[in-house]
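Enquirer: Below you'll find the structure I mean.
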Amino acid sequence: MKSLNILILSYRSAPFGGGQGIYVKDLSKLLTDLGHKVTVFSGPPYPDLDINVKLIKSPGLNLFETFSFKDRLNKFVRHKNKSFSDIYEFLSVLAGGFPEMRTFGLRAKKYLFKNKYDIVFDNQSISYAMEYIQITNPLIEIIHHPITRDLKHELETNNSLIYSLSRLRWYSFLKMQKKVAPRIKNIVTPSMSSKRDAIEDFNIKKNNISVIHNAVDTNIFRPHPEVNKSAYKIITTASADVPIKGLDYTIYALASLIDEFNDIELLVIGSYREGGHTQRLINKLGLSKRISFKTNLTKEDIALEYAKCSVAIVSSLYEGFGYPVAEAMACSVPLIATNAASIPEITHDYAELIPVKDHQAIANSIRNIFLEPDMYNIRAENGRDHIKNKFNWLSIAKQYEKLMIEVISNHKTIIKGNNANL
């Protein structure tokens, strides 16, 4: 197909934490490698992009860089040429909300009023502005998974009325997303599980949503036989203090195995909040010397960490796609993962699938792998072949190109029809 001028919108794109920043980097590089011209229009934190991808920074107020009222007030006061959206963002944050998606959409709409692209991707803002943008531009909305699922799991972890009210206020952007999502004509989600949930929670028409799996770079995520592997070292990727990631259950499993495996230890790819729930749990169980955290790692760094470990765990309560699942398998590390949402779609028969919220099942699976490593290592090697065959760049690229051609063609047909009726 001919080279396209593509814009990717991303309201925040953390380069080392969370799947959205990883997705933006991977998608932009994939489309660039196909010969397209790609620009990313992003709010902070900004993505780490390929050298051939142009980044346009759209800072807004960036109020979640701090939780200090004084610092937030200073940010607002120092911000030049304040708009209505800036005032709305400041007041909404003070009231406990998360307005970034809505205000980012307004900035993207303003930018696209002056700049033309062949096609636009929106990375899950699902903001009011997207309704306007899809009228003026061919638009593909990315929904990794409906955030309604995050809210559900957070409310299940705490019965406090004050906590519930604060969470409902934080997730108040879902009202906007539930209104906008059914009106978007072209949506991509990375798994059949996410598609089912998006249809159910956002009332999306089945024909408006396509499944295109995320790809994994198996040249980066690969075995490193030259690296010394620790027989009793476990690795997991989790945002600590985020209930949906289920880190607590891995920590409890570790605690139950100390007497059997004296050298057992856990590496968490992620960070924890100082004095937060996860740190308190680790201290309560006396595990501070057995659990370490690493963050801000490159993909290459993470692959090397996998090589040092004998077991990988994904104890999430929900995953729209689950990059850590595919990455661990690509590195040929025996994997234990919850039988939840999209995870079985990725693993097939190449991982130990366990129920959610079951630390004893995690502990039993860890014990089995520790005691019979050769058998599980063979399955892990087959799991890498599975990832290479099903989640490779070429296959994913062809699916995206096919969808882009359809979306552009349909948009041109609609424009012609509208002009004919004038």
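Enquirer: Check ALA253, ALA215, ALA303, ALA307 and return the single one that is of a type in the set (Gly, Ala, Ser), surrounded by 16 or more Cβ atoms within 10 Å (Cβ to Cβ) and closer than 30 Å to THR157 by Cα.
Expert: One residue alone meets the criteria, ALA253.
Enquirer: Which one of SER230, SER239, SER194 is in contact with a Gly (Cβ under 6 Å, 6 or more places away or on another chain) and in a loop (DSSP other than H, G, I, E, B)?
Expert: SER239
Enquirer: Mind checking which residues of segment 175-217 are in contact with an Asp or Glu (Cβ under 8 Å, 6 or more places away or on another chain), charged (D, E, K, R) and modelled with pLDDT of 95 or more?
Expert: Once the filter is applied, which keeps residues that are in contact with an Asp or Glu (Cβ under 8 Å, 6 or more places away or on another chain), charged (D, E, K, R) and modelled with pLDDT of 95 or more, segment 175-217 yields LYS178, ARG183.
Enquirer: Could you tell me which numbered condition ILE346 fails, if it satisfies all but one of (1) surrounded by fewer than 24 Cβ atoms within 10 Å (Cβ to Cβ); (2) within 20 Å of the chain's Cα centre (by Cα); (3) within 30 Å of MET1 (Cα to Cα); (4) β-branched (Val, Ile, Thr)?
Expert: Against the list (1) surrounded by fewer than 24 Cβ atoms within 10 Å (Cβ to Cβ); (2) within 20 Å of the chain's Cα centre (by Cα); (3) within 30 Å of MET1 (Cα to Cα); (4) β-branched (Val, Ile, Thr), ILE346 comes up short only on (1).
Enquirer: Continuing with the same structure: Report yes if SER68 is polar (S, T, N, Q) and over 23 Å from the mean Cα position of the chain (by Cα), otherwise no.
Expert: yes
Enquirer: Follow-up question, since we're still on this one. Is there a residue in segment 77-88 that is in the same structural domain as LEU168 (by TED's automatic domain parsing), among the aromatic types (Phe, Trp, Tyr) and in contact (Cβ under 8 Å) with a residue 24 or more places away in the chain? Reasoning before the result, please.
Expert: Keep residues of segment 77-88 that are in the same structural domain as LEU168 (by TED's automatic domain parsing), which gives 77-88.
Imposing the further condition that a residue be among the aromatic types (Phe, Trp, Tyr) reduces the set to 84, 88.
Then drop every residue that is not in contact (Cβ under 8 Å) with a residue 24 or more places away in the chain, which leaves none.
Scanning segment 77-88, I find no residue that is in the same structural domain as LEU168 (by TED's automatic domain parsing), among the aromatic types (Phe, Trp, Tyr) and in contact (Cβ under 8 Å) with a residue 24 or more places away in the chain, so the answer is no.
Enquirer: Follow-up question, since we're still on this one. Within segment 51-73, which residues are among the basic types (Lys, Arg) and surrounded by 12 or more Cβ atoms within 10 Å (Cβ to Cβ)?
Expert: Scanning segment 51-73 gives LYS54, ARG72.
Yes/no matrix, rows are residues, columns are (1) farther than 27 Å from PRO324 by Cβ; (2) outside the structural domain of LYS402 (by TED's automatic domain parsing); (3) among the β-branched types (Val, Ile, Thr):
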| residue | (1), (2), (3) |
| --- | --- |
| TYR11 | no, no, no |
| PHE16 | no, no, no |
| SER28 | no, no, no |
| THR32 | no, no, yes |
| PRO45 | no, no, no |
| ASP48 | no, no, no |
| ILE56 | yes, no, yes |
| LEU61 | yes, no, no |
| ASP71 | yes, no, no |
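Enquirer: Taking only segment 55-72 into account, find how many residues are farther than 20 Å from GLN124 by Cα and either modelled with pLDDT of 90 or more or not hydrophobic (A, V, I, L, M, F, W, C) (or both).
Expert: Selection size over segment 55-72: 6.
Enquirer: Can you tell me which residue among LEU165, LEU257, LEU161 is closer than 18 Å to CYS309 by Cβ and either over 21 Å from the mean Cα position of the chain (by Cα) or assigned by TED's automatic domain parsing to the domain that holds SER332 (or both)?
Expert: LEU257
The values are calculated or read from the model by the stated rules, or taken from the named source; none is laboratory data. In this text the structure is predicted, and so the values were computed from the model without any measurement. Using ideal geometry, Cβ is built from the backbone for each residue, glycine included, and neighbour counts are taken over all protein chains shown.
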